[in-house]
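The block underneath contains the structure these notes are about, expressed in structure tokens.
The values are calculated or read from the model by the stated rules, or taken from the named source; none is laboratory data. Just so it is clear, the model here is predicted, and its values are computed rather than measured. No Cβ is skipped: glycine too gets one built from the backbone with ideal geometry, and neighbour counts run over all protein chains shown.
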Amino acid sequence: MGNFNIINLRLFLFALLFITALGAKAQCPLVSNSNQIFCASDNPLVEDLEISDQGGGVVWYTEPTGGSILGDNFKLLNGVTYYADNLTGTCPVRPSVTVSIFGEPPNNVAVATSRCASEQSTVADLNPSGANIEWYDAQFDGNLLSGSTPLVNGVTYWVQKTENGCTSIRLPTTVNLIDPGAPSGSSEQFFCADFSNPQVFTVGDLVANGSNIQWYDTPIITIPLDSSTPLVDGKTYYATQSTFPCESIGVLSVTAIIDILPNPGIDGSTSLCDDSSTLVNLFDLLGGAPDTGGSWTGPFETTNGWQGTLDTSSLSADTGSYEFTYTHLAQNSCDETSASVTLDIVEEANAGNDNSIEICSNAEVVNLFTLLGSEADPDGTWSPVLASGTGDFDPSIDAPGNYTYTVAPNGPCTEDDTATITVSVELAPSPGSNSSLSLCEDSSGLIDLFDELAGNPDTGGTWDGPLELINGYRGTLDAAVLNVGSLNFTYTVSGINQCADAVAVLTVIVTANPYAGEDNTVNLCSSSGTIDLFELLGANADTGGFWSPALVSGSNLFDPSIDNAGVYTYTTNAVAPCTQNDQAQVTVLIEQAPNAGTDTELDLCSSQGTIDLFAALGIGAESGGTWSPALNSGTNIFDPTTDASGIYTYTVAATSNCPEDSATVDINVFSQNNAGNDVVVELCTNDTPIDLFSLLTGDPDSGGSWSPALNSGTGLFDPGTDNAGVYVYTLAGNGICAEDTANVTVSLDIAPNAGNDTNVTICGNGVAIDLFSLLGPEADPGGVWSGPSELTNEDQGTFNPSENLGGNYVYTVPGNGGCQFASSTVSVDFINPIPVVVPDGHIFCRLDNPTIEDLISNIIPSSNGVINVYETEVGGTPLLLSDLLTDEFTYYIEELEQVSSCSGTDRLSIMVQLNEPETPILSETNANFCAVDQPTVNDLNGFIVSGTNVIWFNDASATVPLNPTDALQNQTYFAKDEDPFGCASRVSLPITIQIIDTAIPILNPQREEYCALDRASLSDLSNDVTLPNNSILRWYSTESSSEILDMSDLLMDSSTYYAASFDTITGCESSDRLMVRVDFTSCDPDEYDLLIPDGFSPNGDNINDVFDLKGAEFLYENYKIEIFNRYGNLVYEGNKNTPPWDGTSNKSSVFGNAELPSGVYFYVFYFNRNDIPPKQGHVYLNR
């Protein structure tokens, strides 16, 4: 029974397991078609896959096992196999479906293509890749185009491909047919060949405006001419231009015309005498081979045409050069040519006029040429020849007589010319020569000054001077009346005719006798300075004398310290013509000066005894002097303990002739040095260095030395390097005072050692580390750790990257004895780089074919590290930068810090999203706008049928969208849809825009002027305007107003109106408006009558309230009206600038501004035009 139960139990369990397995398998989805076909135009998604749900639900994968679940809106890809599973992911084998997508757009479709217009291309020349290609003239529907359809410039063609029954969307190609157009230029081109150097002109000399010009010899384009091809006169050549790679269809026709430059010959010249009288043919004077037929111009008229015959008698009146020009006029491209003939008119010789001159024998040299007159020619010769060899006459050497000046003929002239100068010379008077006479001041007797003159003076002259002379020309002078000095006496002999008076000067010099001064006596001290003995002789003593005996100085200076007392004689010698010397004596007396001794210095110690300062003054010092400052002893004794350091002055009193004398003793008292008191100190080996001097007491003096010497070389004790012991501080003696010492006894305790401060870098994914091992081998165990997080293993201080934080961890060892605790720091640089992704950094545009490199560009490293991307959360190999991103796939990001090579503990996960908006749909491919509406790119949005965020471009390949406010132009624009992340649709749709502007109305000349009496309206003004075809006229009050005025509106004087043309076919108004200013002054009085009312009622009812002279200001611009009451008083005066009469007076001097009563008033209207007489009448004012 027991065996039976066991067997039954086994069967039951097996059956249960089998049923469970069958149930699980039955929940897996079933695929009946493992190869499914879709059309690309249907935009197939995962939800479009055909599969049978067996109750367990359906999810799709791109892998047979594992992977990420695809969303229902995931876009299917051609050739990819997709795998299905139930919702629990328990299917043993995932059923698969391989997708084939047909109907993709054809490849190699250019959005725009350019072709040469000359190629006459057709639709068949558009060559996209693929089979079953069809071209249409619209994006939707439209006409199927045959391959022979000619391509039209600016038209967009649409291509589609049909494959397995799937028709692709249509892609656009806009055609641009290039025709550079014929070049521009002159149809006749002229060339000038030089007669002297014939030139060959070539095709390269032809000129056409354009690019890449080619020349042909026929209008049919065949083989272009080489630029070196010679031009043929009168031949026509044909030019095209090219814009790569297209050559123009049209040509420029140019006829070459080659002219010959006329030869005017070579410049010539000739000379004529000013008395010449003959006929000269100027043409014969030209050099070379001049062509006939030219014309002559010059300062005088010529005859015989190109011969240029000139009558030279017309030139004889004036000398100089005359130039005559022979000219051939310009012809086509040949410039005007000319040559000249120069005629030099030479004056005949002119020696000047005869003349005579009378001069004195002592006169200056005379240039005889200046006597010939201003017309005389230079460079003539004199006969007889003058001593100067020129025309200079010197009366002292040249003889009087006739001198002839001869001038030779010039150039073409042949006759000499002469003139004569007659010279007379008269003898000059002689006063002798200047001289001088020297006398001594004691001279006497009479002196004849005439005898003292030098040379051979003439008698009979006269004397002039400071003293009176006797005996006429002898000039006798009494020497006794002369004083010392210099006197000038002048002797004058009178001149005759051309000779002037002559004078000579005699200078009389009177020399003084020598003077040595007055005798004198002087008392001096032996210590006095030098004295000038000459100054003791008196103010008038002569300098330049000598002393006897001679002074040591060798001059006038007496030095009492070296010169002896005694009598000194000063002698001055006489100067010729004087002969007697002179002497004076100075007696010198010298008194001995007092002696205070010699200056000295003393260095004393404060501990030594007193000293006698007088003994320090030296031998010779005189006693009895005084000390300053006074010594405390009141005598010469100095005590270092009571008297201060300083300078002490010893003074001996002055005598009658000598000043006092003094000497100084400069005393320096040195204090005894103090090394301080002995001390004892206990230190720790880790204490900072200490200055032992600072431990001494008793106010010690600095500057001593330590023994034994410290390692610092100073008094600084370093517990780490210096030994314990007794250190002696010694202050050395200074040569005056003895040395002093003090002891410092030092004991040392051993300090604890916490090791060395250090740094360590730990990666976030690294292993645990004992920080104690980093402190160094000297660190003492048994310390404690503190820091930003708690370490394990007590004094070992284990740092675990998964648990601890980076920062400074301090290890502390407690102190012992006199030493404090010790600590060291381990700075943990914990590097755990975790990058972040920028906002929306997981979203990319599918059309950009984003790669791993693009994903990395959206990652912000935390430590400027290197970013790697993996497919797995841990391990694996970094993906290549060029690997393409997969939509809805999760990537794992790891940052590697560059310096430490550390990476983070966890990788950043990112699921990538690839966006591709659908292609927008436009309602039109061609559209028109009115220029007056100032359309912008934003207006293109009105043609969007579908699209969430359509952006516009001016070129199919452009990447930068247009600004919505950019003005539209006549061109094709391209639309793409763009999602919020900047992703654009794959295809850009074109729309060709034409901006239509209607021509502005034209105002007929002189028709905008009217008379105010016409009551003209806008309708009348419209008759003066010419409109474009199919247009109507619109009037506005301003240039920018949008309100259309009514044609019945009356015109206002001096107002401006603006007219626009509205095209009834295009519906566009002209963007510019015609401005018309209305003038109502065109009123002819012969055509209009002046209406003057006979009454008005100014009662305020706004009906007939004023006396209105309608149109008067237009008919008679300068009119004037006067209103009188029945008494003849002027009550109102007006013109076009005054308000109409309202029944009040504007003549305040008579009536003020009061209202006038009802009644009859009389007016006088002055026309002030064309002498029309004034008009008189009456008007009734009725209130």
Every residue from region 768-790 that is over 19 Å from THR905 (Cβ atoms), assigned to a loop (DSSP other than H, G, I, E, B) and aliphatic (A, V, I, L, M): LEU775, ALA779
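Can you tell me which of TYR326, TYR405, TYR322 is modelled with pLDDT of 90 or more, under 30 Å from THR292 (Cβ atoms) and in contact with a helix residue (DSSP H, G or I) (Cβ under 9 Å, 6 or more places away or on another chain)? Steps first, answer last, please.
Numbers: TYR405 fails: under 30 Å from THR292 (Cβ atoms); TYR322 fails: modelled with pLDDT of 90 or more.
On inspection, the qualifying residue turns out to be TYR326.
Can we say THR303 is surrounded by 14 or more Cβ atoms within 10 Å (Cβ to Cβ), polar (S, T, N, Q) and within 27 Å of CYS273 (Cα to Cα)?
Details: surrounded by 14 or more Cβ atoms within 10 Å (Cβ to Cβ): no; polar (S, T, N, Q): yes; within 27 Å of CYS273 (Cα to Cα): yes.
For THR303, the condition - surrounded by 14 or more Cβ atoms within 10 Å (Cβ to Cβ), polar (S, T, N, Q) and within 27 Å of CYS273 (Cα to Cα) - is not met.
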Strands (runs of 3 or more DSSP E) contained in region 66-126 and holding at least 2 residues modelled with pLDDT of 85 or more and more than 30 Å from THR156 (Cα to Cα): 81-85, 96-102
Where ALA1060 falls short, out of the listed (1) among the small types (Gly, Ala, Ser); (2) at pLDDT 90 or above; (3) loosely packed, with under 14 Cβ neighbours inside 10 Å: (3)
Boolean, VAL586 is under 20 Å from ASN540 (Cβ atoms), in a strand (DSSP E or B) and among the hydrophobic types (A, V, I, L, M, F, W, C): yes
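Looking at this structure, is GLN583 surrounded by 14 or more Cβ atoms within 10 Å (Cβ to Cβ), closer than 30 Å to ASP639 by Cα and of a type in the set (S, T, N, Q)?
Working: surrounded by 14 or more Cβ atoms within 10 Å (Cβ to Cβ): yes; closer than 30 Å to ASP639 by Cα: no; of a type in the set (S, T, N, Q): yes.
For GLN583, the condition - surrounded by 14 or more Cβ atoms within 10 Å (Cβ to Cβ), closer than 30 Å to ASP639 by Cα and of a type in the set (S, T, N, Q) - is not met.
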Qualifying positions in region 826-849 - buried (at least 17 other Cβ atoms within 10 Å of the Cβ) and either modelled with pLDDT of 95 or more or hydrophobic (A, V, I, L, M, F, W, C) (or both): VAL826, VAL828, PHE830, ILE831, ILE834, ILE843, PHE844, CYS845
Hits in region 708-738 - residues which are hydroxyl-bearing (Ser, Thr, Tyr), free of Cβ contacts under 8 Å to residues at least 24 places away in the same chain and closer than 22 Å to ASP749 by Cα: SER712, THR721
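I'm checking my understanding of the structure. Among residues of region 48-65 that are hydroxyl-bearing (Ser, Thr, Tyr) and part of a loop (DSSP other than H, G, I, E, B), which one is nearest to the chain's Cα centre (by Cα)? Please lay out each step first, then the result.
Applying the first criterion (hydroxyl-bearing (Ser, Thr, Tyr)) to region 48-65 yields 52, 61-62, 65.
When the remaining residues are screened for being part of a loop (DSSP other than H, G, I, E, B), the result is 62, 65.
Values: THR62: 65, THR65: 71 Å.
Among them, the one singled out is THR62.
Determine whether region 1145-1158 contains at least one residue that is assigned to a strand (DSSP E or B) and either aliphatic (A, V, I, L, M) or modelled with pLDDT of 90 or more (or both). Let's see the steps before the verdict.
Looking only at region 1145-1158, we keep the residues that are assigned to a strand (DSSP E or B), and these are 1155.
Remaining after also requiring either aliphatic (A, V, I, L, M) or modelled with pLDDT of 90 or more (or both): none.
No.
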Qualifying position, being in contact with a helix residue (DSSP H, G or I) (Cβ under 9 Å, 6 or more places away or on another chain), of a type in the set (D, E, K, R) and either outside the structural domain of THR579 (by TED's automatic domain parsing) or at pLDDT 90 or above (or both), among ASP417, ASP464, ASP451: ASP451
Any chance ALA516 is touching a Cys at 6+ places or on another chain (Cβ under 9 Å) and either within 30 Å of SER486 (Cα to Cα) or of a type in the set (Val, Ile, Thr) (or both): no
Positions within region 941-970 being touching a residue at least 40 places away in the same chain (Cβ under 8 Å) and not small (Gly, Ala, Ser), in sequence order: PHE943, ASP955
Qualifying residue in region 257-264 (condition: exposed (fewer than 15 other Cβ atoms within 10 Å of the Cβ), in contact with a strand residue (DSSP E or B) (Cβ under 9 Å, 6 or more places away or on another chain) and of a type outside the set (A, V, I, L, M, F, W, C)): no
Elements of type strands (runs of 3 or more DSSP E) in region 608-679, at least 3 residues being at pLDDT 85 or above and surrounded by 16 or more Cβ atoms within 10 Å (Cβ to Cβ): 646-652, 661-670
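Okay, residues lined up against (1) exposed (fewer than 13 other Cβ atoms within 10 Å of the Cβ); (2) assigned by TED's automatic domain parsing to the domain that holds ILE69; (3) over 30 Å from LYS75 (Cα atoms):
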{"residue": "VAL97", "(1), (2), (3)": "no, yes, no"}
{"residue": "THR122", "(1), (2), (3)": "no, no, yes"}
{"residue": "GLU134", "(1), (2), (3)": "no, no, no"}
{"residue": "LEU144", "(1), (2), (3)": "yes, no, yes"}
{"residue": "GLY154", "(1), (2), (3)": "no, no, yes"}
{"residue": "THR162", "(1), (2), (3)": "no, no, no"}
{"residue": "GLY165", "(1), (2), (3)": "yes, no, no"}
{"residue": "SER168", "(1), (2), (3)": "no, no, no"}
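Select from region 1081-1114 the residues that are hydrophobic (A, V, I, L, M, F, W, C) and surrounded by fewer than 13 Cβ atoms within 10 Å (Cβ to Cβ) and list them in ascending order. Quick ask: steps written out before the conclusion?
Narrowing region 1081-1114 to residues hydrophobic (A, V, I, L, M, F, W, C): 1083, 1090-1092, 1096, 1103, 1106-1107, 1109, 1112, 1114.
Those that are hydrophobic (A, V, I, L, M, F, W, C) and surrounded by fewer than 13 Cβ atoms within 10 Å (Cβ to Cβ): LEU1091, ILE1103.
Against the definition (under 23 Å from PRO264 (Cα atoms), in a strand (DSSP E or B), free of Cβ contacts under 8 Å to residues at least 40 places away in the same chain and not assigned by TED's automatic domain parsing to the domain that holds ASP194), how does SER321 come out, yes or no?
Numbers: under 23 Å from PRO264 (Cα atoms): yes; in a strand (DSSP E or B): yes; free of Cβ contacts under 8 Å to residues at least 40 places away in the same chain: yes; not assigned by TED's automatic domain parsing to the domain that holds ASP194: yes.
So SER321 fits the description; yes.
For region 209-234, how many residues meet the condition of being acidic (Asp, Glu) and without any contact (Cβ under 8 Å) to a residue 12 or more places away in the chain? Walk me through it before giving the result.
Start the filter on region 209-234 by keeping residues that are acidic (Asp, Glu), which leaves 217, 226, 233.
Filter once more, keeping what is without any contact (Cβ under 8 Å) to a residue 12 or more places away in the chain: none.
Total satisfying the criteria: 0.
In region 511-533, how many residues are under 21 Å from GLN580 (Cβ atoms) and either outside any loop (DSSP other than H, G, I, E, B) or without any contact (Cβ under 8 Å) to a residue 12 or more places away in the chain (or both)?
1
Would you point out which residue out of SER824, SER802 is small (Gly, Ala, Ser), over 58 Å from the mean Cα position of the chain (by Cα) and under 30 Å from GLU873 (Cα atoms)? So that I can check it myself, show each step before the final result.
On the way: SER824 fails: under 30 Å from GLU873 (Cα atoms).
Checking each option against the conditions leaves just SER802.
Among the residues in region 875-889, are any among the aromatic types (Phe, Trp, Tyr) and farther than 30 Å from LEU76 by Cβ?
Of region 875-889, the ones among the aromatic types (Phe, Trp, Tyr) are 889.
Now drop any that are not farther than 30 Å from LEU76 by Cβ, which leaves none.
So far as region 875-889 goes, no, none of its residues is among the aromatic types (Phe, Trp, Tyr) and farther than 30 Å from LEU76 by Cβ.
Confirm whether VAL960 is outside the structural domain of ARG170 (by TED's automatic domain parsing), more than 30 Å from CYS763 (Cα to Cα) and surrounded by 18 or more Cβ atoms within 10 Å (Cβ to Cβ).
Numbers: outside the structural domain of ARG170 (by TED's automatic domain parsing): yes; more than 30 Å from CYS763 (Cα to Cα): yes; surrounded by 18 or more Cβ atoms within 10 Å (Cβ to Cβ): no.
So VAL960 does not fit the description; no.
Among residues belonging to region 906-933 that are polar (S, T, N, Q) and touching a helix residue (DSSP H, G or I) at 6+ places or on another chain (Cβ under 7 Å), point out the one that is farthest from LEU989 (Cα to Cα). Quick ask: steps written out before the conclusion?
Just the residues of region 906-933 that are polar (S, T, N, Q), to begin with: 909, 913, 915, 919, 923, 925-926, 928.
From the residues that got through so far, the ones that are touching a helix residue (DSSP H, G or I) at 6+ places or on another chain (Cβ under 7 Å) too are 915, 923.
Values: ASN915: 19, SER923: 11 Å.
So, considering only residues that are polar (S, T, N, Q) and touching a helix residue (DSSP H, G or I) at 6+ places or on another chain (Cβ under 7 Å), the one farthest from LEU989 (Cα to Cα) is ASN915.
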First in region 277-290 and assigned by TED's automatic domain parsing to the domain that holds THR337 and modelled with pLDDT under 85, second anywhere and assigned to a strand (DSSP E or B) and of a type in the set (A, V, I, L, M, F, W, C), Cβ under 9 Å, 6 or more apart: THR278/LEU272
Qualifying residue in region 1022-1038 (condition: in a loop (DSSP other than H, G, I, E, B), touching a Lys or Arg at 6+ places or on another chain (Cβ under 6 Å) and among the charged types (D, E, K, R)): yes
Tally of residues being assigned to a strand (DSSP E or B), at pLDDT 90 or above and surrounded by 12 or more Cβ atoms within 10 Å (Cβ to Cβ) across region 681-706: 4
